[in-house]
Amino acid sequence: MARPDLSVIPEGYKGYVTLAKEYDFLDALDIARKRMAELVQTLPEAKGEYRYGPDKWTIKELLCHLIDAERIFTYRALRFARNDKTALHGFEENDYAPEANAHGRTLAEIAQEAMHVRQSTVDLYKSFTPEMLQRSGTANGKTLSVFHLGYVIAGHELHHYNILRERYLQ
């Protein structure tokens with residue numbers, strides 16, 4: 001399968017795509033989810049409330065952010081794949097985080113939800129034809145193809161996996 005063309009990726013997403021670009025995007029989705037799941041399984045429940053700075057998300061909030069973002073990116077991919085040309089609004093991740101009920105759930109419950117969301121993403125992407133993967137649309141003022149959104153989803157998780165390891169678990 002083709003690899004992503006970084007020259008057409010908007011700046012805000014280029015770092016994510018770069019983290020996943022060496023893989024087929026379905027493989028990248030699988031790799032990212034496995035890495036995160038393995039890491040989360042090692043965490044004691046009490047660690048879910050940890051934040052490395054006063055204005056930073058807790059681990060539970062970070063994981064819920066990943067779920068929210070994946071759902072939004074996948075929704076965008078669905079709309080674009082269906083040839084919907086409506087420009088979509090962005091979302092404010094910092095407004096979503098406190099509304100995710102992260103602290104009303106266990107790490108295991110959040111991890112389970114993340115696995116279900118990822119499976120749904122993979123199933124959706126497997127349903128796309130090559131033509132659908134090449135379709136693009138605009139969200140938050142940025143244009144991306146369905147194909148590149150698959151890399152954004154995987155790379156976004158890899159990005160937060162790295163942050164979790166480097167900033168939360170040191």
- line: The number of residues in region 132-146 that are surrounded by fewer than 18 Cβ atoms within 10 Å (Cβ to Cβ) and over 19 Å from PHE91 (Cα atoms) is 1
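For region 1-28, enumerate the residues that are under 12 Å from LYS142 (Cβ atoms) and either open to solvent by 50 Å² or more (accessible area, probe 1.4 Å) or not in a loop (DSSP other than H, G, I, E, B) (or both). Don't jump to the end; show me each part of the working.
In the first step, residues of region 1-28 are kept if they are under 12 Å from LYS142 (Cβ atoms); the result is 8-14.
Residues satisfying the conditions are VAL8, GLU11, GLY12, TYR13, LYS14.
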- prompt: Looking only at region 20-43, which residues are of a type outside the set (D, E, K, R) and within 22 Å of GLU61 (Cα to Cα)?
  reply: LEU29, ILE31, ALA32, MET36, ALA37, LEU39, VAL40, GLN41, THR42, LEU43
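Right, LEU149: within 14 Å of ARG79 (Cα to Cα), in contact (Cβ under 8 Å) with a residue 60 or more places away in the chain and open to solvent by less than 20 Å² (accessible area, probe 1.4 Å) or not?
Details: within 14 Å of ARG79 (Cα to Cα): yes; in contact (Cβ under 8 Å) with a residue 60 or more places away in the chain: yes; open to solvent by less than 20 Å² (accessible area, probe 1.4 Å): yes.
Criteria met by LEU149.
So how many residues does region 38-49 have that are loosely packed, with under 15 Cβ neighbours inside 10 Å and in contact (Cβ under 8 Å) with a residue 24 or more places away in the chain? Let's see the steps before the verdict.
Here is the first cut: in region 38-49, the ones loosely packed, with under 15 Cβ neighbours inside 10 Å are 38, 41-42, 44-46, 49.
Now drop any that are not in contact (Cβ under 8 Å) with a residue 24 or more places away in the chain, which leaves 41, 45, 49.
The qualifying residues number 3.
The values are calculated or read from the model by the stated rules, or taken from the named source; none is laboratory data. All of these numbers come straight from a predicted model, not from anything done at the bench. A quick note on method: Cβ atoms are made from the backbone with ideal geometry, for glycine too, and the neighbour counts reach across all protein chains shown. When the accessible area is computed, the model is the full protein with side chains, heavy atoms only, and any ligands, DNA or RNA have been set aside. Shrake-Rupley method; radii C 1.70, N 1.55, O 1.52, S 1.80 Å.
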